[in-house]
Amino acid sequence: MTAYRTIVVGTDGSDSSYVAVEKAAALAGVSAATLVIACAYYPTDDRDVAAAADVLKDEAYQVRGSAPTSEILRTARDKAVAAGAKDIVERAVVGEPVESLLTLLKDVDADLLVVGNRGLNTLTGRLLGSVPSDVARKSRSDVLIVHTTR
């Protein structure tokens with residue numbers, strides 16, 4: 001088996017995605033690989049932020065700037081360190097998750113992409129596609145789909 005040098009894992013801040021982060025981190029730790037933790041997001045404009053602030057009131061700070069993405073990456077890093085990863089890079093990427101992950105794979109010359117299986121066996125996933133199935137179909141790197149939901 002070929003040792004992986006660079007592993008990319010996607011997270012959206014869900015418990016399911018953190019399971020994938022932990023699995024990728026454990027693999028990176030035993031392989032002495034670099035772990036790139038990615039979180040894709042869409043930037044918001046001022047009108048979206050104002051509308052969210054009206055609804056969220058005191059919790060509105062959560063939608064301003066890159067705070068949610070930064071917090072997701074910080075939490076993922078903590079989980080990755082606990083799971084054994086040593087060399088960790090955090091990347092917030094703008095855009096749709098599948099294309100963002102595939103672009104990042106090329107940018108960092110990754111050997112492996114790790115994603116959770118959430119959405120894989122849902123009706124919506126079958127009709128519209130899901131992150132795990134779309135990246136598995138489109139990636140030129142190895143893809144590990146971690147069973148994070150049953």
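Each value in this text was obtained by applying a stated rule to the coordinates, not by laboratory testing. None of these values were measured; they are calculated from a predicted model. Here the Cβ positions follow ideal geometry from the backbone for every residue, glycine too, while neighbour counts run over all protein chains shown.
Assorted remarks:
- Highest mean packing first, where packing is the average number of other Cβ atoms within 10 Å per residue, the peptides 87-93, 75-81 line up as 75-81, 87-93.
- Local electrostatic count, Ala32, Cβ distance below 10 Å [Lys/Arg +1, Asp/Glu -1]: +1
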